[in-house]
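Remarks on the structure that follows.
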Amino acid sequence: MANERTLNLLGALALGLTDSLNIAVAANAGYGGETPAALVTLGAEPGISINTLRQILNLSHPGTVRLIDRLEKDGLVERRAGADGRTLALFLTEAGQQRRLAILAQRQQQLHLALDCLSSTEQKQLTKLLEKMLAAMTIDELRAYMLCRLCEEEVCPQDRCPVEQKYCQMTKS
């Protein structure tokens, strides 16, 4: 059973990081809300449908369509014919890719503020704990996408991602 103080500290850290990340990435995305996560997700999962993006971002279908309309109008996203001919596939434009990289750079800068106070040994310990905690939070495919919707996949490739590894284990069972 978790110590109540540890739970409280974890909650405060999670909230503080969330607030810092939301402010920093919204400034770079030019929009708040789920726009930064949409740009990062589309860069990591090119060609996904509006419905899949809707589920990952936990938005309504009309809300997701409005979001994509806005991003398309701004030249960050383009719609293409989907694989089955009935759906549309979403892709970032070159400008969208650049915006995604700026969002990820801001995200990384904010995370450094919390992490840089730890020694190298403490950071390695934290990495192991975070891997364990993220794997435990991975309960299905949608949750896996949701957990990683603002992740920098270039620094945590699928073969080392605890969320991806847990999801792969679940699908083999």
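Do you know which residues across region 149-166 are at pLDDT 90 or above and either closer than 19 Å to Thr35 by Cβ or not in a loop (DSSP other than H, G, I, E, B) (or both)?
If the condition is that a residue be at pLDDT 90 or above and either closer than 19 Å to Thr35 by Cβ or not in a loop (DSSP other than H, G, I, E, B) (or both), then Pro162, Val163, Glu164, Gln165, Lys166 are the ones that fit.
Every residue, every condition in (1) touching a strand residue (DSSP E or B) at 6+ places or on another chain (Cβ under 8 Å); (2) in a loop (DSSP other than H, G, I, E, B); (3) over 22 Å from Thr18 (Cα atoms), yes or no:
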| position | (1), (2), (3) |
| --- | --- |
| Val40 | no, no, no |
| Leu59 | no, yes, no |
| Thr64 | no, no, no |
| Ile68 | yes, no, yes |
| Ala83 | yes, yes, yes |
| Arg100 | yes, no, no |
| Thr127 | no, no, no |
| Lys132 | no, no, no |
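Conditions (1) under 17 Å from Leu150 (Cα atoms); (2) of a type in the set (A, V, I, L, M), marked per residue:
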{"site": "Asp84", "(1), (2)": "no, no"}
{"site": "Ala95", "(1), (2)": "no, yes"}
{"site": "Arg100", "(1), (2)": "yes, no"}
{"site": "Gln110", "(1), (2)": "yes, no"}
{"site": "Ser119", "(1), (2)": "no, no"}
{"site": "Glu122", "(1), (2)": "no, no"}
{"site": "Lys128", "(1), (2)": "no, no"}
{"site": "Glu131", "(1), (2)": "yes, no"}
{"site": "Met137", "(1), (2)": "yes, yes"}
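Picking from Leu39, Leu13, Leu7, Leu21, which residue would you name as being of a type outside the set (Lys, Arg), closer than 19 Å to Gln108 by Cβ and surrounded by fewer than 16 Cβ atoms within 10 Å (Cβ to Cβ)?
Selected residue: Leu13, the only one of Leu39, Leu13, Leu7, Leu21 that is of a type outside the set (Lys, Arg), closer than 19 Å to Gln108 by Cβ and surrounded by fewer than 16 Cβ atoms within 10 Å (Cβ to Cβ).
Among the listed residues Glu34, Glu45, identify the single one that is touching a helix residue (DSSP H, G or I) at 6+ places or on another chain (Cβ under 6 Å) and acidic (Asp, Glu).
Going through Glu34, Glu45 in turn, just one is touching a helix residue (DSSP H, G or I) at 6+ places or on another chain (Cβ under 6 Å) and acidic (Asp, Glu): Glu34.
If only one of Leu57, Leu104, Leu90, Leu15 is touching a residue at least 40 places away in the same chain (Cβ under 8 Å), within 17 Å of the chain's Cα centre (by Cα) and under 24 Å from Thr127 (Cβ atoms), which one is it? Step through it out loud before you land on a result.
Numbers: Leu57 fails: under 24 Å from Thr127 (Cβ atoms); Leu90 fails: under 24 Å from Thr127 (Cβ atoms); Leu15 fails: touching a residue at least 40 places away in the same chain (Cβ under 8 Å).
Just a single option satisfies the conditions, and that option is Leu104.
Answer with yes or no whether Ala44 is closer than 13 Å to Gly96 by Cβ and not assigned by TED's automatic domain parsing to the domain that holds Arg143. Steps first, answer last, please.
Numbers: closer than 13 Å to Gly96 by Cβ: yes; not assigned by TED's automatic domain parsing to the domain that holds Arg143: yes.
Here the answer is yes, as Ala44 does meet what is asked.
When you scan region 80-115, how many residues do you find that are farther than 14 Å from Pro46 by Cβ and acidic (Asp, Glu)?
1
Which of the numbered conditions does Leu9 fail, given that it passes all the others? Conditions: (1) in a helix (DSSP H, G or I); (2) touching a residue at least 12 places away in the same chain (Cβ under 8 Å).
Unmet for Leu9, out of (1) in a helix (DSSP H, G or I); (2) touching a residue at least 12 places away in the same chain (Cβ under 8 Å): (2).
The values are calculated or read from the model by the stated rules, or taken from the named source; none is laboratory data. Predicted model, so just to flag it, every value in this text is computed and none were measured. Here Cβ is always computed from backbone atoms with ideal geometry, including for glycine, and neighbour counts include all displayed protein chains.
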